[in-house]
Structures are given as structure tokens and as C-alpha cells.
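Engineer: I'd like to ask you about the structure that follows.
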Amino acid sequence: MSVGEPVYTASHALSAEELAAGPPTIDISALLSPGVAEAKEKVVQDIAKAATKWGFFQVTGHGVHQEDIEAFDSAVTRFFGQDKDYKYKIKRTAGNSRGYFDDELTKQTRDWKEAIDIGAQDGDLDGRSDIDGFNQWPHEDAHFRASVETYFKQMEGLSKTLCTALALGLGERANFFDPLFEKHTSYLRINHYPPCPNPVANDFPLRSPNTETEGYLAINRHTDAGVLTVLRQKHDEPHSLQVFISDDVDKDHESRSGQWVCVRSAALICPWRKQKGGASTAPSSKPAVMRACVASAAAHRLHVRAHTHTRGAARWQGR
């Protein structure tokens, strides 16, 4: 395809077989090696097709080091295993959006989760801003910060690789998005879903529940901000992440017709979500050992920073 020739068109005509299988899984290892050009082109086209039809796809062959993943998992597991007094030492405040929290509302409805937000300012994890604040770290754990910062950098690299592929899939040059991310404000949200005594029914419709009478969702329906979200799921835990598939893109979420599709295992990429209804996760009443950085998520969001500093939502976002 020629450079500068946009090829993005929305087409959500998914077959019954595609819906049953869920979002496609794409091995991106060819993008990370000096391999054959045809192999790279196939990955680019697979990503473009998935982003156009689904808005979601799962990634394998991502090149993230297993030892870094394990160190991150251990650090996060240790943190969420502590009591509330320990976690509240780094609780976010009205003046600082970074840190721990267990009181978030999505669509004005309480989520059944706790989380930590770690973010960059102008690409720097030591940066500060009047809007986002600054990162907070549990000083009692000597390895927590190093493990999380390493994982953040791995997600930053993966996100840039995916943005290169997305640019090529749009008919643009490979470095088309690079200037937008030189001073990004990406952030990592680490979600943990404690056992829920009152989850919503499995067939709960596309709306926010009355938590007193209908139960809780781990995260209520939503559409992420930013360029893309990289969400990591664990293979050995309940698959509670769902994608709502609908062609009623001009309607309010609650008025749309469509269906929820369960996303099973692998890392999840969520680019260009304006065509989609969003994602919802139903909490389990059973212990969810560690869903931070899992189906609960280590989510890294990539945001375009443009001319104004705009706030985003959760996960490796990159502003």
C-alpha cells in the first residue's frame, strides 16, 4: 500500500464462528526480529483487520521477558496481600491521582476492585504535574518500585511496536505516531479483584447495576481513553473480561443492541474503541488469587499528548 493512503474503514460484520471464538490471537514475533518482510506484512494486515472488525485483539510472541513478568507479579501480590493500613499509606487523594484506591466509580457506579495507578509525566516516571500528581511507592518493600518500573518500560516498548504496526495498517509510514509519544503521559493501572459476596447475574444486561439489589461488577461497562490499552490476563484464572459487540455505534451504550463476548487468555490490545461498546468484568465470589496484572489487569495505556494535557482512564495508556 502507498504511504499516506488511509485504509481504515469500520466493518463489524462478524460471523457466528468469529463471535464464538472471540477476538483473534496474533503472534507479533515477526515485528520484533529482522525477519522476512512478508511475515511482517502479514502481522500488520492481521492487526489492521482485527482493529477494524473487533477493536480488540490478543497478542502472543510479544517479547516481554518472563523474569520481569514474574518479578512484577510477586511485587503486586505482596502489596495486595497487605492490610488496609499498609495500602492506605500510598492512597491517592484529591490533589494526587497516582497511588492506591479502593473507591472508584465507573458510570457513577461503585466497582468491586482495588487498584494502583503508576504513570509517567513527559515520559518520566519521576515526573510531576499539577493535573496527575506524582507516583507513590510502598517504601517498606525494597523491590516493589524496581519491579514495577521495569514492567512499565517493557509495556512502553510493546506499545510502541503495536503503534508502528497500527500506523502501517492505516497506510501511514512506520514512525507516523512517534512524534506524539516523545513526551507521553502513559500510565499503568494494576487492578486487583477481591472475592465478591454479591456479583451480578451472568446474563446481566448492558447497563450499570443497582448495587443494593442487583449486585456488583468488578468494573462497570466503559470505553477506554487514549490510543490503545495493553491488558494482560492470566491463563489460570476466571475469564471475566467481556467485549460488547454492536453496530449501533451512534447510540448511547444502554440503547445498543448486540452481545457480550468473553475474552479468553493472552494479552489484550484495545485500539480505536470508538466503534465499540466497551468492556465489563464480572467479579467472582471465589478468591481471585491475583488479578492485578491479569484479567483484572496490569493494563498499560498509551495516550497521545498533543497540544493540551488531557486526562485519560486506566491501564498502559499513552497520552
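The values are calculated or read from the model by the stated rules, or taken from the named source; none is laboratory data. Just so it is clear, the model here is predicted, and its values are computed rather than measured. Don't worry about glycine lacking a Cβ; one is built from the backbone with ideal geometry, like all the others, and counts go over all protein chains shown.
Engineer: Go through (1) without any contact (Cβ under 8 Å) to a residue 60 or more places away in the chain; (2) under 20 Å from the mean Cα position of the chain (by Cα) one by one and return the number of the condition Thr77 breaks.
Structural biologist: All conditions pass for Thr77, except number (1).
Engineer: Now a separate question. What pairs come up if the first residue lies in region 195-213 and is under 17 Å from Lys107 (Cα atoms), the second is surrounded by fewer than 10 Cβ atoms within 10 Å (Cβ to Cβ), and their beta carbons are under 8 Å apart, counting only those six or more places apart or on different chains?
Structural biologist: Listed pairs, sorted by first residue: Ser208/Gln108.
Engineer: Still on this model: Out of region 11-44, which residues are out of contact with any Gly (no Cβ under 6 Å at 6 or more places or on another chain), surrounded by 15 or more Cβ atoms within 10 Å (Cβ to Cβ), in contact (Cβ under 8 Å) with a residue 40 or more places away in the chain and hydrophobic (A, V, I, L, M, F, W, C)?
Structural biologist: Passing the criteria: Leu14, Leu31, Val43.
Engineer: Only one of (1) out of contact with any Gly (no Cβ under 8 Å at 6 or more places or on another chain); (2) surrounded by 14 or more Cβ atoms within 10 Å (Cβ to Cβ); (3) of a type in the set (S, T, N, Q) is not met by Gln108, so which one is it?
Structural biologist: The one condition Gln108 does not meet is (2).
Engineer: If a residue has to be within 13 Å of Leu188 (Cα to Cα) and surrounded by fewer than 16 Cβ atoms within 10 Å (Cβ to Cβ) to count, how many in region 91-105 make the cut?
Structural biologist: Within region 91-105, residues that are within 13 Å of Leu188 (Cα to Cα) and surrounded by fewer than 16 Cβ atoms within 10 Å (Cβ to Cβ) number 0.
Engineer: Being in a loop (DSSP other than H, G, I, E, B), among the small types (Gly, Ala, Ser), touching a residue at least 24 places away in the same chain (Cβ under 8 Å) and surrounded by 15 or more Cβ atoms within 10 Å (Cβ to Cβ): is that true of Gly55 here?
Structural biologist: Yes.
Engineer: Here is a list of conditions, (1) surrounded by fewer than 17 Cβ atoms within 10 Å (Cβ to Cβ); (2) at pLDDT below 95; (3) touching a Gly at 6+ places or on another chain (Cβ under 9 Å), and Ala142 meets all of them except one; can you say which number that is?
Structural biologist: Every listed condition holds for Ala142 apart from (3).
Engineer: Which ones in region 80-134 are part of a loop (DSSP other than H, G, I, E, B), of a type in the set (Lys, Arg) and more than 30 Å from Glu214 (Cβ to Cβ)?
Structural biologist: Matches in region 80-134: Arg98, Arg128.
Engineer: Before we move on, is Ala201 surrounded by 13 or more Cβ atoms within 10 Å (Cβ to Cβ) and over 19 Å from the mean Cα position of the chain (by Cα)?
Structural biologist: Taking the combined requirement at face value, the residue does not satisfy it.
Engineer: Got at least one residue in region 169-184 being of a type in the set (Gly, Ala, Ser) and in contact with a Ser or Thr (Cβ under 6 Å, 6 or more places away or on another chain)?
Structural biologist: Checking region 169-184: at least one residue is of a type in the set (Gly, Ala, Ser) and in contact with a Ser or Thr (Cβ under 6 Å, 6 or more places away or on another chain).
Engineer: Something else: Here is a list: Lys91, Lys107, Lys87, Lys113. Which entry is closer than 24 Å to Cys196 by Cα and touching a helix residue (DSSP H, G or I) at 6+ places or on another chain (Cβ under 8 Å)?
Structural biologist: Lys87
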